[in-house]
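Notes to accompany the following structure.
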Amino acid sequence: MSGSPEIEELPATQTGPKGVIHDWRKFKLESEDHESIPSDKRELLRQMSNPKSSNDDSREKLNRKMSIQEYEMIQEEDERCLRKYRRQCMQEMHERLSFGPKFDAVFELDSGEAFLDVIEKEHHLTLVVVHIYDDGITGCDSLNNCLTCLAAEYSTVKFCRIRASATGAGERFSDDVLPALLVYKAGELLGNFMCITKHLNEEFFATDVENFLNEYGLLPEKDFAACPVEEENVDVE
């Protein structure tokens, strides 16, 4: 991680399960409150995390079997730190596998030209969801609020909204077809839902809109969110 002192890598003999154990020991050592750890235990953890720091760096010592004392220390390490380490690994993996631009809000489009630009010029991997609305139309305000919630959970999706009168095709989007929801990717129309409230309950929420779009396979995987530290009873495998 940036800003952290460089850690000398273990030799090839420490890859595989031993390498994983080494990484976790190092994570544990860095995340613990050092003032709360007895000095003898802290020193042993330090030596276990970086065996090369010892004056005797012979191959025999690097490849030595784990002592009973070291094994018992691993067994004693609390589950909270282990889960925290797993969450960190999953978060890093998710970031490495994420592609394309990220968004975190609903974008207001003010013209037909802006509408065409977001359809035709957006990144080819980006899913674009456009809500066409107007004031005073039942369900439009609720759908705007739902999309704001979904934008926070699907950062790879670009959620937009535009007034029907601003599209340049107001006659196509008359009051009786609003609210309308259009879904595009790489310039191609994937979903075209007129008067979407007919497909939802009279009172609907973000999860209802999410489920509706998922029925048509229009949403990607939801963003990975690391479990809060206080959720100690969640087991991450």
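The values are calculated or read from the model by the stated rules, or taken from the named source; none is laboratory data. Computed from a predicted structure; not experimentally measured. When we count neighbours, we look across all protein chains shown, and the Cβ atoms used for this are built from the backbone with ideal geometry, even at glycine. The accessibility values were calculated without ligands, DNA or RNA, using every heavy atom of the protein model including side chains. Shrake-Rupley method; radii C 1.70, N 1.55, O 1.52, S 1.80 Å.
The figure for residue 87 is an accessible area of roughly 20 square angstrom, using a 1.4 Å probe on the protein chains alone. Label-to-label distance for residue 120 and residue 189 is 1.5 nm, based on points extended 7 Å past Cα in the beta-carbon direction.
In whole percent, how big is the carbon plus sulfur part of the accessible area of segment 107-216, probe 1.4 Å, protein atoms only?
46
Taking 0.36 nm per residue of separation and subtracting the Cα-Cα distance, full extension of the segment from residue 108 to residue 172 would add 21.1 nm.
Amide H contacts of residue 107: 159, 160, 161, each under 5 Å away and 5 or more positions distant or on a separate chain (H built 1.01 Å from N in the peptide plane; Pro and chain starts excluded).
Shape class for segment 119-192: oblate, because the ratio a/c of the largest to smallest gyration tensor axis (alpha-carbon atoms, square roots of eigenvalues) is 1.5 or more and b/c is at least a/b.
Taking 18 Å as the cut-off for C-alpha to C-alpha distance, list the pairs among 198/222; 158/198; 121/185; 158/185 that go past it. Intermediate results must be reported in sequence, preceding the final value.
Details: 198/222 25 Å; 158/198 24 Å; 121/185 10 Å; 158/185 10 Å.
The answer is 198/222; 158/198.
Contact order, relative form, for segment 107-216: 34 percent (alpha carbon pairs under 8 Å, 6 or more residues apart, mean separation divided by residue count).
Rounded to the nearest 5, the antiparallel percentage of DSSP beta bridges internal to segment 107-216 is 50%.
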